[in-house]
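The values are calculated or read from the model by the stated rules, or taken from the named source; none is laboratory data. Quick caveat: nothing in here was measured; it's all calculated off a predicted structure. Every residue, glycine among them, receives a Cβ derived from its backbone with ideal geometry; neighbour counts consider all protein chains shown.
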Ligand code: SER
């Protein structure tokens, strides 16, 4: 079955079961500051899972573009990608376990024609510490389903029970990591038996035990997950949500793989044209070089999807843009490993992605010019310094530890994202001093800020006081924009001189005169209240938990500084930031927005001053 036919079949199947089919949401989350990218189909559904009424009813299904940066180094094992599509269906306080499990197995066995004996199920084993029992109901339903297909589904053979680490789902993982207010619940995963040779994976947690679906030996692949989302985290543990929800997510690429009876998603029609192009560019064969092929194929495809999104992002050193940069640069490095020597080759792959998906995600074709321009620019910047940087890295090879200074040099002079230097170090078995790297980059940021301030009129002391005030202004402005335009507003960049702050943020439309006035009044009222600005150090998880704004995927440096403007009830801004800031807002003067304009697709730019 062609992948496009399978996608269609899934949507049709759930349409017939009374679901409204919705289009994929953007890869760049809206009204959700918990992640940089949409990483699952449920993410845009969170308000409805929590009880808000969905305009299209209680049954929804879709195929959602998803991206998970955490999987970047998993790519290379035939079945992981960072970019994937998630087939999703939801019951928003409507049907529950019985319908969901029956339907999804019916779909997989009767429509996709995966032999039932190749399917295995997992369920939640219960957890006393959070007071949630073993999911006996699902076990019973699953036994009946398998019996329909002539299979006696015994526990420990066909149905496996696991604890919260494996069979609990929330956006933040296990119950202990969930912030208050987050929905989650037990899940029942579906595994496909590739029938591959039983090879014990040396990293498997269960390497000394009998093979089972989660043992990571490579034989079983998860293809779908039924989450029974009926709980919400509170300050005192878990409570039931007002409604029982189902959140199903199916790995589209993997279901296509299973439907074709292979154990490799890169051999399906979702990748074959891309793989063929890489073979042509490199003169090498995929099957003899599978890891670098898969990295190049996945990363350029992912970067193409992100740049080609309706809220498309260019490579940069910040937030989502930094991830796009990492993807492209890592692909170029692996491309080099494959011996690709042509200049500006990455766009050849982007063109294929656009063509392959033109009927499903036409926005990629619509934005192809933008994608190509960005890929060319990024390749031009990086391809030149890559060889020199790799040589430089070789020189460090004789040391045991890559110092923070070394890593920073690779970053600043050769454009190596820190994660690339980490990966190279791991490949060579070297340690890397990330803490020193973090310090180095902070020192550098402060130096360049002072240096640029110094080039403007007035003495250095004068300028740096003015820039500090404008820096605090930027935080207030972001808080104001989020208050009046919505939480989806995120900062895209800023540039501060002693005279003005230039501030870029994700927003599609021109701001109205009224919105500009609201933001100005908000900032001026904060200045009028003479609020204290307090810096607290905490680790990244705590910053996330209190919902601080800022760039969370800055992996380096466990500890971050969070600047709070206003205390307690008066708090109006909390943002991860290196500083410096004023101590009290009262000294700042009068705030005025002097310009509001488009900066690039989906990004607005404000210039503002303090009078
Ligand atoms: N939210 C669940 C997952 O991502 C199922 O959709 O696995």
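Mind counting the residues in the stretch 303-313 that are touching a strand residue (DSSP E or B) at 6+ places or on another chain (Cβ under 7 Å) and part of a loop (DSSP other than H, G, I, E, B)?
Of the stretch 303-313, the ones touching a strand residue (DSSP E or B) at 6+ places or on another chain (Cβ under 7 Å) are 305-306, 311.
From the residues that got through so far, the ones that are part of a loop (DSSP other than H, G, I, E, B) too are 311.
Total satisfying the criteria: 1.
Could you say which residue among 428, 439, 399 is surrounded by fewer than 19 Cβ atoms within 10 Å (Cβ to Cβ), modelled with pLDDT under 90 and under 24 Å from residue 493 (Cβ atoms)?
Working: 428 fails: under 24 Å from residue 493 (Cβ atoms); 399 fails: under 24 Å from residue 493 (Cβ atoms).
Selected residue: 439, the only one of 428, 439, 399 that is surrounded by fewer than 19 Cβ atoms within 10 Å (Cβ to Cβ), modelled with pLDDT under 90 and under 24 Å from residue 493 (Cβ atoms).
On the given criteria, is residue 245 near the ligand (Cβ under 10 Å from one of its atoms) and either over 16 Å from residue 118 (Cα atoms) or assigned to a strand (DSSP E or B) (or both)?
Details: near the ligand (Cβ under 10 Å from one of its atoms): no; either over 16 Å from residue 118 (Cα atoms) or assigned to a strand (DSSP E or B) (or both): yes.
For residue 245, the condition - near the ligand (Cβ under 10 Å from one of its atoms) and either over 16 Å from residue 118 (Cα atoms) or assigned to a strand (DSSP E or B) (or both) - is not met.
Going by what's in this entry, would residue 119 be described as within 16 Å of the ligand (Cβ to nearest atom), surrounded by 23 or more Cβ atoms within 10 Å (Cβ to Cβ), over 27 Å from the mean Cα position of the chain (by Cα) and over 30 Å from residue 419 (Cβ atoms)? Walk me through it before giving the result.
On the way: within 16 Å of the ligand (Cβ to nearest atom): no; surrounded by 23 or more Cβ atoms within 10 Å (Cβ to Cβ): yes; over 27 Å from the mean Cα position of the chain (by Cα): yes; over 30 Å from residue 419 (Cβ atoms): yes.
For residue 119, the condition - within 16 Å of the ligand (Cβ to nearest atom), surrounded by 23 or more Cβ atoms within 10 Å (Cβ to Cβ), over 27 Å from the mean Cα position of the chain (by Cα) and over 30 Å from residue 419 (Cβ atoms) - is not met.
Picking from 291, 284, 240, which residue would you name as being away from the ligand (no atom under 16 Å from the Cβ), in a helix (DSSP H, G or I) and surrounded by fewer than 22 Cβ atoms within 10 Å (Cβ to Cβ)? Explain how you work it out, then say what you get.
Working: 284 fails: in a helix (DSSP H, G or I); 240 fails: in a helix (DSSP H, G or I).
291 is the lone residue from the list that is away from the ligand (no atom under 16 Å from the Cβ), in a helix (DSSP H, G or I) and surrounded by fewer than 22 Cβ atoms within 10 Å (Cβ to Cβ).
What are the residues in the stretch 572-586 that are over 25 Å from residue 319 (Cβ atoms) and out of contact with any helix residue (DSSP H, G or I) (no Cβ under 7 Å at 6 or more places or on another chain), if any?
Within the stretch 572-586, 583, 584 qualify.
Could you check the stretch 260-278 and list, in sequence order, the residues that are within 19 Å of residue 331 (Cβ to Cβ) and without any contact (Cβ under 8 Å) to a residue 60 or more places away in the chain?
Residues of the stretch 260-278 within 19 Å of residue 331 (Cβ to Cβ): 265-266, 270-278.
Scanning the stretch 260-278 gives 271, 272, 275, 276.
From the set of residues in the stretch 339-364 that are without any contact (Cβ under 8 Å) to a residue 24 or more places away in the chain and in a helix (DSSP H, G or I), which is surrounded by the fewest Cβ atoms within 10 Å (Cβ to Cβ)?
If we take residues in the stretch 339-364 being without any contact (Cβ under 8 Å) to a residue 24 or more places away in the chain and in a helix (DSSP H, G or I), then 362 is surrounded by the fewest Cβ atoms within 10 Å (Cβ to Cβ).
Can you name the condition, by its number, that residue 9 falls short on among (1) within 16 Å of the ligand (Cβ to nearest atom); (2) outside any loop (DSSP other than H, G, I, E, B); (3) more than 30 Å from residue 180 (Cβ to Cβ)?
Result: residue 9 passes all but (1).
Given the conditions (1) away from the ligand (no atom under 16 Å from the Cβ); (2) in contact (Cβ under 8 Å) with a residue 60 or more places away in the chain; (3) more than 19 Å from residue 86 (Cα to Cα); (4) not in a loop (DSSP other than H, G, I, E, B), which single one is not true for residue 328?
(2)
Does the stretch 252-266 hold any residues that are assigned to a loop (DSSP other than H, G, I, E, B) and either modelled with pLDDT of 95 or more or out of contact with any strand residue (DSSP E or B) (no Cβ under 9 Å at 6 or more places or on another chain) (or both), and which are they? Talk me through it step by step, then tell me what you get.
Step one: of the stretch 252-266, the residues assigned to a loop (DSSP other than H, G, I, E, B) are 260-264.
Within the stretch 252-266, 260, 261, 262, 264 meet the criteria.
Let's see how each residue does on (1) within 16 Å of the ligand (Cβ to nearest atom); (2) at pLDDT 95 or above; (3) surrounded by 12 or more Cβ atoms within 10 Å (Cβ to Cβ):
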{"position": "138", "(1), (2), (3)": "yes, yes, yes"}
{"position": "162", "(1), (2), (3)": "yes, yes, yes"}
{"position": "175", "(1), (2), (3)": "yes, no, yes"}
{"position": "179", "(1), (2), (3)": "no, no, yes"}
{"position": "182", "(1), (2), (3)": "yes, no, yes"}
{"position": "218", "(1), (2), (3)": "no, no, yes"}
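For residue 189, only one of the following conditions fails: (1) closer than 30 Å to residue 540 by Cβ; (2) modelled with pLDDT under 95; (3) within 16 Å of the ligand (Cβ to nearest atom). What is its number?
Exception for residue 189: condition (2).
How many residues does the stretch 53-106 contain that are within 12 Å of the ligand (Cβ to nearest atom), surrounded by fewer than 22 Cβ atoms within 10 Å (Cβ to Cβ) and more than 30 Å from residue 310 (Cβ to Cβ)?
0
Checking residue 14 against (1) at pLDDT 95 or above; (2) in a loop (DSSP other than H, G, I, E, B); (3) touching a strand residue (DSSP E or B) at 6+ places or on another chain (Cβ under 6 Å); (4) buried (at least 20 other Cβ atoms within 10 Å of the Cβ): exactly one of these is not met. Which one?
Tallying (1) at pLDDT 95 or above; (2) in a loop (DSSP other than H, G, I, E, B); (3) touching a strand residue (DSSP E or B) at 6+ places or on another chain (Cβ under 6 Å); (4) buried (at least 20 other Cβ atoms within 10 Å of the Cβ), residue 14 fails exactly one: (2).
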